[in-house]
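The values are calculated or read from the model by the stated rules, or taken from the named source; none is laboratory data. Note that the structure is predicted; figures quoted are calculated from it, not measured. FYI the Cβ positions are ideal-geometry reconstructions off the backbone, even for glycines, and counts take in every protein chain you see.
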DNA sequence: GGGTGATTTCCGGTCAGCGGGACACCGGCA
DNA sequence: TGCCGGTGTCCCGCTGACCGGAAATCACCC
């Protein structure tokens, strides 16, 4: 991928160097990973620091700055959804005491918007902002099952990455799973990511009734489903209500 | 304030139009509030949308995009601090059932990094990302009391905004309060923002022992202090420990 | 001490960005 | 139905902000 010509493009390729695995970088690292000449990198970074989009820590390494965080929390996902959902997620966590997750769909991926874990949580596979394919996660199946038709088609025709022998691997299996998710109103992703856990997910609906997010709980294999499923579904409906969703027939359009 | 000449500067003045009060805007609004010509605004916005820094919602209004959120959560405040602190904040919330807040200092202001509130919380004075002056809040007093000397001096010599008759109004009063905060290891901000609440705050320390953040609980006036103070202080210490802080004499430098 | 790598500064050529203006679109109003 | 104010999109010739090679400076570590 060649470096974009526009400054904004260059600035964003620079920012893209920062990931969950590499939350800080030196100037040269930024230059190398972005493919930009060193002097150009230097000039851009200096301006980004001036705008507090980047910050320089005590060791001279650069990190994402407070300004970007402030802007980021204004995004609808964080502002509305997360704020409304958090109390209910806490309730769900309180009851189950396992990883609780809230996620939205971004094209053909799941993006985790919030995650609650115990202090001594074992697996930290997901964190805020991390991404996963749709077909292998509980939240992903819920989100995909209620996604627009063209998205579903594209997802079905994309090679399905296998994480374990239990990961859904064929398009027909995926289609069938999606149908049952729509029918049942929840999804179960059984050992699709790790061989020792499964997750139970339920939809979160906006005021119009369309699915805008999904909640899930990841539990060890030996946990009985009926001990968590009702709680997850109730949590999904509670968040939906808090977002303005109403049960019953939709209000007729004028 | 004239519009900056550089593109990055213009892009950031554009992004600065988005605030907690105005989380979405139309193209013309962006042009008006940023002071940029419409055609320039249009060009910049188009590119920002292409990079997913902005998004266009169903009504054609622009909002902060998912990409900015993803970058923002990589900032040290969100990534390390918030992630580690959240479980303990939840515990504190569980015990007190009042607003729980985690904040850091940005120059002469407090920035709230996390806030937990009941579903039916009454006052939503603060949210994630909102700012307050240092002298009027519990967290602010804690953060200021342990800030570098020059920051304290500047804060003391800044006009102190009064919110209620109880707000600290003179520099001597502020100095005395800071001294007692350092001595006691916690701060109480009594009716300084609202006349019907007070807040109790405690420091959060990093591995080196320096104060990197502050926790607080906002409680109604009739609440007895000794029912929340120990919990808040314990919470602050618990988060500090989770960040790598150790009690006892600091490891001698080689 | 000198070799290596990271960081910062400089400067003349040039192309990305600028913005006025023309135009299409929409909803309200008479 | 035609008018009108507000909004969003596009075009195009001029120009100064940006580019990046090169060289100076700094910070370490054999």
Leading residue by the ranking (farthest from DNA strand D (Cβ to nearest atom)) among those in the stretch A:48-58 that are surrounded by fewer than 19 Cβ atoms within 10 Å (Cβ to Cβ) and free of Cβ contacts under 8 Å to residues at least 24 places away in the same chain: A:52
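Output yes when any residue across the stretch A:229-243 is assigned to a loop (DSSP other than H, G, I, E, B) and more than 14 Å from chain B (Cβ to nearest Cβ), and no when none is.
Of the residues in the stretch A:229-243, the ones assigned to a loop (DSSP other than H, G, I, E, B) are A:243.
Remaining after also requiring more than 14 Å from chain B (Cβ to nearest Cβ): none.
Scanning the stretch A:229-243 turns up no residue that is assigned to a loop (DSSP other than H, G, I, E, B) and more than 14 Å from chain B (Cβ to nearest Cβ).
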Residue within the stretch A:199-213 that is closer than 17 Å to residue A:102 by Cα and exposed (fewer than 13 other Cβ atoms within 10 Å of the Cβ) present: yes
Hits in the stretch B:101-114 - residues which are crowded, with 21+ Cβ neighbours inside 10 Å and either more than 15 Å from the chain's Cα centre (by Cα) or more than 11 Å from chain A (Cβ to nearest Cβ) (or both): B:101, B:102, B:103, B:110
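Which one of these is farther than 13 Å from residue A:12 by Cα, assigned to a loop (DSSP other than H, G, I, E, B) and within 15 Å of DNA strand C (Cβ to nearest atom): B:9, B:60?
Result of the check over B:9, B:60: B:60.
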Residue match in the stretch A:44-52 (condition: in a loop (DSSP other than H, G, I, E, B), under 19 Å from residue B:69 (Cα atoms) and within 11 Å of chain B (Cβ to nearest Cβ)): yes
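Among the residues of the stretch A:34-43, which ones are within 12 Å of DNA strand C (Cβ to nearest atom) and either exposed (fewer than 15 other Cβ atoms within 10 Å of the Cβ) or assigned to a helix (DSSP H, G or I) (or both)?
Start the filter on the stretch A:34-43 by keeping residues that are within 12 Å of DNA strand C (Cβ to nearest atom), which leaves A:36-43.
Scanning the stretch A:34-43 gives A:37, A:38, A:39, A:40, A:41, A:42, A:43.
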Total residues in the stretch B:18-43, condition in contact with a strand residue (DSSP E or B) (Cβ under 9 Å, 6 or more places away or on another chain) and either more than 12 Å from DNA strand D (Cβ to nearest atom) or within 9 Å of chain A (Cβ to nearest Cβ) (or both): 3
Residue within the stretch B:65-79 that is more than 16 Å from DNA strand C (Cβ to nearest atom), more than 7 Å from chain A (Cβ to nearest Cβ) and under 19 Å from residue B:128 (Cβ atoms) present: yes
Single match in A:81, A:30 (criterion: farther than 30 Å from residue A:197 by Cβ, at pLDDT below 95 and crowded, with 21+ Cβ neighbours inside 10 Å): A:30
Number of the condition not met by residue A:15 [criteria: (1) within 16 Å of DNA strand D (Cβ to nearest atom); (2) surrounded by 15 or more Cβ atoms within 10 Å (Cβ to Cβ); (3) more than 9 Å from every other protein chain (Cβ to nearest Cβ); (4) at pLDDT 90 or above]: (3)
